Amino acid sequence: MPRAIVIRSNPAHEHGDDRPVNTAAVEEVDESFLGDDPVLVEVSHSSINYKDAMALTGLPGIVRRTPLIGGIDLVGTVRQSSDPLWRPGEAVLLNGIGMSETRNGAFSELARVPGDRLVALPSCLSPARAAALGTAGYTAALCFLRLRRAGLVTGPERPVLVTGATGGVGSVAILLLAAAGHHVAALTGRPEELGDYLRGLGAERIVDRAELCDQRGALQKQRWSGVVDTVGGQVLVNALAQTAYSGTVTACGLAGSPALPGTVMPFILRNVTLAGVDSVEAPVEARREAWGLLAALPGERIDAVTARTVPLDGAIGAAEELIGHRAHGRTVVEVRA
Ligand SMILES: NC(=O)c1ccc[n+]([C@@H]2O[C@H](COP(=O)([O-])OP(=O)(O)OC[C@H]3O[C@@H](n4cnc5c(N)ncnc54)[C@H](OP(=O)(O)O)[C@@H]3O)[C@@H](O)[C@H]2O)c1
């Protein structure tokens, strides 16, 4: 029977307790628990994203039915397929599509998934590096592609700003932007502790998060040619107010807040675009384009954002560290150690 991390509703919470809504534990599951999707994958690697950390620590908002196997990133090899698109032995990856939300995810030695949004693992990416990039990297790539389509041009005085910079999405966004020759500023709450890490990824300027946390003017000095925002809230509002004329701000995250407590001034007076980025439901063409971009990153650049690798049994502890802001970069989960 495959081993998997199963998330179950927490009876203590149901009785009015203030403990987490769900619990998570490694269990052996019957193959019938995996569902009836057409492609059976031997999962080798997964990773811990912000969403995974929320799900594994029992926080509400991610897992919408229980019991459910967690894990939004899957890398592995097809064992069986009734979908003619895929054959046994093919190396594949899959991100999002509701895994760990409404359908079983990838923290499982075996997973059953639909074939329509599977992506062939690019030949130059090892399974471990593909998992190191994971949803965070793929989302960073979607943001990068959006900025590129919008005609991003940066200079030393007008870099592109990446917020939540030490996180998974932020770290890979810096790698991609720097690899394309852009000037990058990294906004972080940990400038002293992790400034060198961010400079190592390619950030030219480190900006203390405190600079963008207060309520300020609706239009401020134009500092950024574009923005990758993973934080939301007042930081996003200030980033919009500091974006140069005709710049694009991609918003993909809410690590700080889901609120948007701002004005329309940047849109109507500076022609700024706020571009939402979703990875979960993205079509397969967008997935292939994003993964093609990620596969072109040199392996040692990917290793630079890979903070650690844990076995399946270590995933829950690693999730607690990520939620407690004691982690940075990416955490790979070796599902089959
Ligand atoms: N739209 C999508 O499809 C999609 C896909 C992936 C992720 N996301 C979202 O993007 C966000 C980032 O994901 P991730 O995987 O990069 O998470 P992560 O690895 O946990 O990184 C989040 C980073 O945000 C910063 N941060 C944490 N708490 C903050 C606060 N209270 N205020 C401001 N900044 C704070 C920290 O960076 P510093 O210490 O450097 O400030 C932290 O490293 C999450 O909200 C996630 O749900 C969305």
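The values are calculated or read from the model by the stated rules, or taken from the named source; none is laboratory data. These numbers were taken from a predicted model, which means no experiment stands behind them. Here the Cβ positions follow ideal geometry from the backbone for every residue, glycine too, while neighbour counts run over all protein chains shown. These accessible areas exclude ligands, DNA and RNA; they are computed on the full protein's heavy atoms, side chains included. Shrake-Rupley method; radii C 1.70, N 1.55, O 1.52, S 1.80 Å.
If you keep only loop residues by DSSP, which GluC sites (Glu not before Pro) in the range 63-161 have at most 12 other Cβ atoms within 10 Å of their Cβ?
Of the GluC sites (Glu not before Pro), the ones in loops of the range 63-161 whose Cβ has at most 12 other Cβ atoms within 10 Å are Glu157.
Using r as the Cβ-Cβ distance of Asp303 and Asp83, and R0 as 41 Å, what FRET efficiency do you calculate, to the nearest 0.05?
E between Asp303 and Asp83, to the nearest 0.05, is 0.80.
With a ≥ b ≥ c taken as the square roots of the eigenvalues of the C-alpha gyration tensor of the range 199-256, please select rounded if a/c is under 1.5 and otherwise prolate if a/b is larger than b/c or oblate if it is not?
Rounded is the answer for the range 199-256, as its axis ratio a/c remains below 1.5.
Between beta-carbons, use under 15 Å as the cut-off and find the net charge around Val160, counting Lys and Arg +1, Asp and Glu -1.
After counting each charged neighbour, the total is +3.
Loop-only check: which trypsin sites (Lys or Arg not before Pro) in the range 170-256 are DSSP coil with at most 13 other Cβ within 10 angstrom?
Lys221
Given a 1.4 Å probe and every protein chain left where it sits, what share in percent of the accessible area of the chain is carbon and sulfur?
Carbon and sulfur: 51 percent of the exposed surface of the chain.
With r as the distance between the Cβ atoms of Ala12 and Gln215 and R0 = 51 Å, compute the FRET efficiency 1/(1 + (r/R0)^6) and round to 0.05.
0.85
Just the number please: accessible area per residue for the range 22-161, 1.4 Å probe, all protein chains included, in Å².
Computed with neighbouring chains in place, this is 37 Å² per residue.
Report the calculated FRET efficiency for Tyr245 and Val280 (r = Cβ-Cβ distance, R0 = 41 Å), to the nearest 0.05.
Efficiency, from the Cβ-Cβ distance: 0.80.
How large is log10 of I(q)/I(0) for the range 136-276 at q = 0.10, 0.13, 0.15, 0.20 Å⁻¹ when the intensity is taken from the Debye formula with one equal scatterer per alpha-carbon?
Debye output, listed in q order: -0.26, -0.45, -0.61, -1.16.
Taking only DSSP H segments of four or more residues, each worth -39500 (n - 2.57), what value at 222 nm results for the chain once the sum is divided by all its residues, to the nearest 500 deg cm²/dmol?
Estimated from H runs of four or more residues: -8500 deg cm²/dmol.
If I model the chain as equal point scatterers sitting on the Cα atoms and use the Debye formula, what is log10 I(q)/I(0) at q = 0.08, 0.11 Å⁻¹?
Each listed q corresponds, in turn, to -0.37, -0.69.
What's the local net charge at Val26, with K and R +1, D and E -1, over the other residues with C-beta under 11 Å away?
So the surrounding residues net to -3.
By how many degrees, between 0 and 90 and to the nearest 10, does the Cα long axis of helix 191-201 differ from the longest principal axis of the chain?
80
Between Glu157 and Thr102, what is the label-to-label distance in nm when each label sits 7 Å out along the Cα-to-Cβ direction?
In this crude label model, Glu157 to Thr102 measures out at 5.0 nm.
For the Cα atoms of the chain, what angle does the longest principal axis make with the long axis of helix 284-295, in degrees from 0 to 90, nearest 10?
Its long axis makes an angle of about 70 degrees.
Mind putting a number on the dipole of the range 136-276 about its Cα centre? Charges go on the C-beta only, +1 for Lys and Arg and -1 for Asp and Glu, and I need it in Debye to the nearest 20.
The calculation lands at about 440 debye.
To the nearest Å, what is the center-to-center distance of the range 255-277 and the range 86-100, using C-alpha atoms only?
34
In the range 66-156, how does Rg compare with the Kirkwood Rh, expressed as the Rg/Rh ratio over alpha carbon atoms?
In the range 66-156, Rg relative to Rh is 1.06.
Is the shape of the range 169-220 rounded, prolate or oblate, going by the alpha carbon gyration tensor and its root eigenvalues a ≥ b ≥ c, with a/c under 1.5 for rounded and a/b larger than b/c for prolate?
oblate
In nm, to one decimal, how far is the Ala296 label point from the Ala150 one, both placed 7 Å along Cα→Cβ?
2.0
In a shell of Cβ-Cβ distance under 15 Å around Gln242, excluding Gln242 itself, what net charge do Lys and Arg (+1) and Asp and Glu (-1) give?
That sum, taken over residues with Cβ under 15 Å, equals +2.
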